[in-house]
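A quick write-up on the structure given underneath.
The values are calculated or read from the model by the stated rules, or taken from the named source; none is laboratory data. Computed from a predicted structure; not experimentally measured. Methodologically, a virtual Cβ is constructed for each residue, glycine included, from the backbone with ideal geometry; neighbour enumeration extends over all protein chains shown.
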Amino acid sequence: GFVGCHPCLGPPRAMGVAVGSPSPPLMGLFLSFQQCFVCGEMGAAIHCAQGGCTRSFHLHCATEGECITQFFGEHRSFCAEHRPQQANVAAPADDTECLICLDDMDSSTSYHTLVCPACTHAWFHRACIQRCALFAGSTAFRCPSCQNSSEFCSEMATLGIQIPERRPLCEHNEIAELPDRHNRCDAIECLHPGGRRQAEDEG
């Protein structure tokens, strides 16, 4: 079937567009008539890669519709019904917290909850682990608990987590330097036994 493209997913051929698909001008016309199954509006450029599935959706509707895109290989996208699932995963216990934000996890498995396939006890929200992946890059992304990299990265990418091919952002000087530590006593009357000067010298 015809697979559309959008700027984040690369060229049509990389997404599996068959030879003989509509030319670029006709492709735009074709996409304008595709209805998003999430919001119901027209112009849905992303199509489920599952054979026989006719669902299309907008990029900005993917999270609401619980759809995923795999940011590797053919950059395939899947609707909520056909997206890859974690196999043999039991629901998190009632008191389970996200290892990243420390908020409570849902008591059942869902699109928004993921677990490390290596240690099987490190749970996190999809949005939380996605932020970690964007920060860490492919060279440093790993399970926050067991530090597994190969199995963890492979499964997260399959489940739609985007892992940039680069080093961590901190190695690219893309994070502002931390401000200097405040080391001046602002009290009207300094109560330090050695006086204000000694207090400031000690930080």
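Taken as a whole, the condition of being at pLDDT 90 or above and within 29 Å of residue 54 (Cα to Cα) applies to residue 79. If the condition is being over 17 Å from residue 164 (Cα atoms) and not small (Gly, Ala, Ser), then the range 60-78 contributes 60, 61, 63, 64, 66, 67, 78.
In the set (1) farther than 25 Å from residue 39 by Cβ; (2) in contact (Cβ under 8 Å) with a residue 60 or more places away in the chain; (3) not assigned by TED's automatic domain parsing to the domain that holds residue 37, residue 159 fails one condition alone, (1).
Can you name the residue in the range 128-144 that is modelled with pLDDT of 95 or more and within 21 Å of residue 90 (Cα to Cα) and is also surrounded by the fewest Cβ atoms within 10 Å (Cβ to Cβ) among such residues? By that ranking, first place goes to 128.
Scanning the range 110-134 for residues being in a loop (DSSP other than H, G, I, E, B) and within 17 Å of the chain's Cα centre (by Cα) gives a total of 6. For the range 68-85, check the following and say yes or no: at least one residue is surrounded by 15 or more Cβ atoms within 10 Å (Cβ to Cβ) and closer than 15 Å to residue 108 by Cβ. Looking for residues that are surrounded by 15 or more Cβ atoms within 10 Å (Cβ to Cβ) and closer than 15 Å to residue 108 by Cβ, one finds none in the range 68-85, hence no.
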